[in-house]
1. In vacuum, with every alpha carbon of the stretch 143-268 counted as one equal point scatterer, what does the Debye formula give for log10 I(q)/I(0) at q = 0.10, 0.11, 0.12, 0.14 Å⁻¹? Two decimals, please.
2. For K232, go through the aspartates and glutamates and keep the ones whose alpha-carbon is under 20 Å away, minus same-chain ones fewer than eight residues off.
3. Please give the contour-minus-distance gain from S343 to I537: 0.36 nm per residue of separation, less the Cα-Cα distance, rounded to one decimal in nm.
4. Using a cut-off of 15 Å between beta-carbons, work out the net charge of the residues near D418 (Lys and Arg +1, Asp and Glu -1, D418 not included).
5. Just the ratio, please: alpha-carbon radius of gyration of the stretch 261-530 over 2.2 N^0.38 Å, N its number of residues.
6. Would you tally the net charge around V529, using a Cβ to Cβ cut-off of less than 13 Å, leaving V529 out, and scoring K and R as +1, D and E as -1?
7. Report the gain in length on full extension from V215 to F475: 0.36 nm times residue separation, minus Cα-Cα distance, nm rounded to one decimal.
8. Using only the alpha carbons of the stretch 468-517, determine the length spanned along each of the three principal axes and report them from longest to shortest in whole angstroms.
Amino acid sequence: MVGPSLAGVVGRKSGTEPGYSYSQAMKQANLVWDAKTLGVYLTDPQKVVPGNKMPFPGLKSAHDRDDVIAYLTSISGAAKSQATAQQNAATPAQPPPAAPKPPQGTTANGTPPAQNAPAVTYLPDARYTLRTGIADGRMVYIGVGGSIDSKVNPMLTAADGQVVQVTLVNGEGATHDIVFPDQNARSPRVTGKGASTTLAFVAHKSGDFVYYCNVPGHRLAGMEGQLIVTPKPPTPTVVEADISRAPDDLPPPIGKREPQTVRVDLLAVEVEGRLAEGTTFGYWTFNGRVPGPFLRVRVGDTVDIHLKNSADSSMIHSVDFHAVTGPGGGAAVLQVEPGKEKSMTWKALVPGLYVYHCATPMVAEHIANGMYGLILVEPEGGLPPVDHEFYVMQGELYTDQPFGQHGSQEFSVEKLLDEKPEYFVFNGSVGAISKLHPLHAKVGDTVRIFFGDAGPNFTSSFHVIGEIFDKVHIFGGLESPPLKGIQTVTVPPGGAVITEFKLHVPGNYTLVDHALSRAERGLVGILSVDGPPNADIYNGTPMAGMGH
Ligand SMILES: [Cu+2]
């Protein structure tokens with residue numbers, strides 16, 4: 001659940017764990033993490049450290065914050081005694097022989113032990129210390145530290161599946177032990193004042209159990225308490241920021257106007273976002289979404305491009321427009337360091353639909369991680385009007401873990417160089433244009449799809465299941481007349497296509513790359529069409545779940 005960057009975070013200065021890639025903002029934050037600073041930070045990460053890469057807006061409930069802080073405190077404190085704990089956990093029924101040990105009222109670094117931490121979201125070890133003694137003339141266990149401090153035969157709690165560690169300290173000199181019969185855990189006997197032993201076991205089942213001293217007569221004399229094991233907590237929710245751009249997120253047509261200078265602002269942002277259900281990835285983006293914004297100019301326009309690289313980026317970024325005539329498509333000028341901005345102007349000479357992408361070495365990595373988009377250079381007078389325009393881009397993602405693995409995924413340069421992607425996606429993530437943002441239209445509507453293939457390596461065989469493209473501007477070219485009546489179009493990496501079709505029959509139409517193995521790795525979109533049936537063209541009742 002927690003990476004090495006968070007183990008031991010309490011007491012550490014912010015942004016100082018060696019080997020971890022912090023945002024610039026975090027490196028300069030100059031905070032020392034304790035319960036107070038963590039509390040303020042978790043309430044609103046962007047307010048406390050503006051520009052940091054924390055992928056969630058903050059934990060609004062004090063209860064949630066306290067849970068996280070208690071957990072971070074417990075793992076930070078447990079670091080030094082971890083070796084012992086693991087050894088004990090490995091042989092829960094046979095703990096090491098008793099050895100004199102100081103009572104564990106506090107852990108190694110002085111933070112209180114974690115028995116207060118409610119084991120609701122995470123599962124740190126539940127750690128308790130009990131000292132034997134006499135109270136009101138009876139033999140008892142007395143709690144040491146935390147919520148059980150000074151309590152006689154305290155109630156111990158744990159969650160199902162949690163490791164429970166109990167240290168027993170001999171407080172008065174008689175021989176004692178402690179057994180948890182329902183957990184099949186028993187300690188050796190401790191003899192002599194100050195002797196101690198530590199017992200560790202996994203709480204296997206939930207319920208209301210007992211512990212007691214197994215030395216004859218001691219249980220009856222008063223050495224007995226309760227262990228409550230609560231049911232397994234729900235698995236923690238992964239915070240998943242949606243980085244996908246909706247397919248209807250594009251500006252309206254320009255149409256008739258004279259050429260002019262158009263200012264375009266792009267911001268390179270690195271952000272952890274949702275790759276699939278339960279899976280996130282460290283995306284590199286233009287303007288925080290994949291693909292980047294759909295840019296729209298007309299032939300003859302001068303583009304005044306301003307590329308800014310976010311201050312908390314770890315990489316230099318740039319932009320290469322395939323619509324540019326000149327070195328690097330602009331990338332020869334627009335290599336921008338974190339926190340900086342660069343600009344230039346270029347003239348749109350040829351109408352068409354063009355890819356733009358980051359062109360900073362390793363270029364394939366910057367593209368695969370999400371830095372791409374489309375720019376339409378409209379011909380004079382614009383394109384013929386349609387009812388709906390959509391923006392869809394295909395790309396591949398190279399993660400170190402196989403497709404479908406949950407958790408945060410790391411980029412794999414080996415798989416990139418081998419051209420073995422794990423994920424194929426439309427608009428940045430699995431389900432981006434099916435589950436999250438499907439395309440919508442009505443029977444009788446005309447639809448235009450601006451489709452680009454970012455690659456970096458795979459050619460798309462773009463197809464809409466159940467439709468025939470009435471018009472295709474192959475390769476995104478607008479200087480030639482469109483092809484007509486096309487089933488599937490080939491779109492190379494760094495290429496685009498404009499397809500148009502009219503909708504005649506209601507139902508769901510699936511957007512695919514007809515290299516259909518890729519649909520199993522995420523490459524599916526849905527165009528949902530409402531309206532009356534048209535039995536003249538399609539007469540039958542679609543089966544549920546079969547699209548159309
Ligand atoms: Cu880049």
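1. For the stretch 143-268, the Cα-only Debye profile gives -0.48, -0.53, -0.59, -0.72.
2. The reachable aspartates and glutamates, counting only those whose Cα sits under 20 Å from K232, are D64, D66, D67, D125, D160, D182, D208.
3. 64.5 nm
4. Local net charge: -4.
5. Output field value: 0.97.
6. The answer is -2.
7. Result: 85.1 nm gained on full extension.
8. Computed over the Cα atoms, the extents are 34, 28, 13 Å.
Any read-out appearing in this document is the output of simple, stated calculations on the displayed coordinates, not a laboratory observation. None of the values given here were measured: they were computed from a predicted structure. Positions of Cβ are generated from backbone atoms using ideal geometry, with glycine treated the same way; all protein chains shown enter the neighbour counts.
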